1. From the Cα gyration tensor of the stretch 127-179, with a ≥ b ≥ c the square roots of its eigenvalues, which class applies: rounded if a/c is under 1.5, or else prolate if a/b is larger than b/c, or else oblate?
2. Using a ≥ b ≥ c from the Cα gyration tensor of the stretch 60-191 (square roots of the eigenvalues), is it rounded, prolate or oblate, where a/c under 1.5 gives rounded and otherwise the larger of a/b and b/c decides, a/b for prolate?
3. Which order do Asp142, Asp29 take when ranked by solvent-accessible area (1.4 Å probe, heavy atoms of all protein chains), largest first?
4. Roughly what would the spin-label model give for Arg63 and Ala85, points 7 Å off Cα along C-beta, in nm?
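The values are calculated or read from the model by the stated rules, or taken from the named source; none is laboratory data. Keep in mind the model is a prediction, meaning the values are calculated, not measured. Please note: Cβ atoms are built from the backbone with ideal geometry, for glycine as well, and neighbour counts cover all protein chains shown. SASA here: full protein model, heavy atoms, side chains in, ligands and nucleic acids out. Shrake-Rupley method; radii C 1.70, N 1.55, O 1.52, S 1.80 Å.
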Amino acid sequence: MIQRFLLLSAFVLFSSIGNTPTSLAATNDPASVVGDLGSRAIAAMRNEDTAATKQERFRQLFRQYFDLEACARSALRPHWQNATAQQRQEYTNRYEDYIVIVYSTLLGHLRGENFTVLGSRPSAEGVIIASRVSGIVSIGVDWLLNPTNNGYKVTNLFVGGIDMASMQRSDLVSVVQRNNGQVQAFLVALREKNASNGILLIT
């Protein structure tokens, strides 16, 4: 399951890396948000950076373009309700590390791809922006965005029809279950999981 998640996540990474800040107008238009992610990704693919720098770049982009708390909460359901406020905050931090590892690890393997926004459609959960990544492979990526006080933010991705939030949830909930449903034990295990998978810091 984890290997499948990592493989599918590779395609999503094309549209999630870069340095240029997005405009306020773009954040109020979900199609522009996704288009900006794609154009920044293409430029960033040409950069040769250390693994720590790639992780930090994606961390900044994840914070900017995604609804971190909504994504974290969705990935932990139903155990989120059993966590204290302090545990939720620590988990959210560890979840961010978890996502950073997944995408930044695959950054160096992706080169020369094209990203196209195809259109939008309403959803019961928000707005879905359809896009396509093409090059060595060609795959559809649908983005679910919701309005927030800071503009539209990404809350889920569907890569080739695969619900990425569901895959994350399956992975993380399995860690909770291996720790007898104990949230504190899960946090320790997740921290160790991230460390063993290569979370890095720029010093």
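1. Verdict is oblate for the stretch 127-179.
2. Since a/c reaches 1.5 and a/b is larger than b/c, the shape of the stretch 60-191 is classed as prolate.
3. Asp29, Asp142
4. 2.2 nm
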